Amino acid sequence: MTTVSCIRTAALKPRARAFADYWLSLPRTDLIPYRRDFEPGALAGILNTFLIFEIVAPDHFLVRLAGTTVIEHYGREITGQNYLDFRTPQERPITRAAMTLIATHPCGQLVSQAVRTGDGKGRISESFGLPMRDDAGRATLLYYQVDDIRLDDFKTREERYLLEKKTAIRHFIDIGNGIPDFPQVGTLS
């Protein structure tokens, strides 16, 4: 089961809302803006929480950019790697299908994940993604704002490192084309 939600009324955290509002302000072709119209300075205060993916092949989601907060949370640089390699074998096909739908349907996606960090605690992380067109006009780019754990919540660098991540809830968000039919992953407890 998916949630029918319009991007303008979706329940988003403040940083994700800022991203959504900016994305909506961009000129769009068939619902999706071009990368060339995205001005990083407009979201300078939250760019450190962004992940940008390029769909290179059906099973290859290249991390084109990982913001400094994201890199710090992973404990290493992840730019240039295949994001699907960070998913468990069970989650990989679902993640691939869901991320592909963002570009092909098109739609937005809000994902809640249960994460465990180096301090041994479990937390909830939310990621909000929207599609973008590359310079050739193809919808191959996915921009995600990761409303993750505040890094100052941890005493040491090692405590903040991501040890485990599991998708708990995935909502698709209507950007003008409805939402795709996609099974609900689960619920948070």
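Among the residues of the stretch 69-91, are any in contact with a helix residue (DSSP H, G or I) (Cβ under 7 Å, 6 or more places away or on another chain), touching a residue at least 40 places away in the same chain (Cβ under 8 Å), of a type in the set (Val, Ile, Thr) and under 25 Å from GLY178 (Cα atoms)?
No.
Of all residues in the stretch 145-165 being part of a strand (DSSP E or B) and at pLDDT 55 or above, which is nearest to ALA18 (Cα to Cα)?
Ranking the candidates gives GLN145 first.
Quick one: which residue in THR79, THR88 is open to solvent by 30 Å² or more (accessible area, probe 1.4 Å), closer than 19 Å to PHE128 by Cα, of a type in the set (Val, Ile, Thr) and not in a helix (DSSP H, G or I)?
Residue meeting the stated conditions: THR79.
Among the candidates ILE102, ILE52, ILE46, single out the residue that is open to solvent by less than 10 Å² (accessible area, probe 1.4 Å) and either out of contact with any Asp or Glu (no Cβ under 9 Å at 6 or more places or on another chain) or at pLDDT 85 or above (or both).
None of the other options fit; the residue is ILE102.
Across the stretch 111-144, which residue is most open to solvent (accessible area, probe 1.4 Å) among those that are among the basic types (Lys, Arg) and modelled with pLDDT under 95?
It comes out as LYS121.
Looking only at the stretch 14-37, which residues are outside any helix (DSSP H, G or I) and surrounded by 13 or more Cβ atoms within 10 Å (Cβ to Cβ)?
LEU26, ARG28, LEU31, ILE32, PRO33, TYR34
Pull up the stretch 60-84, narrow it to residues that are within 17 Å of LEU141 (Cβ to Cβ) and among the hydrophobic types (A, V, I, L, M, F, W, C), then point me to the one that is modelled with the lowest pLDDT.
Residue satisfying both the conditions and the ranking: VAL70.
The values are calculated or read from the model by the stated rules, or taken from the named source; none is laboratory data. Given the structure is predicted, the values throughout are model-derived calculations rather than measurements. Cβ atoms come from the backbone with ideal geometry, glycine included; neighbour counts cover every protein chain shown. The accessibility values were calculated without ligands, DNA or RNA, using every heavy atom of the protein model including side chains. Shrake-Rupley method; radii C 1.70, N 1.55, O 1.52, S 1.80 Å.
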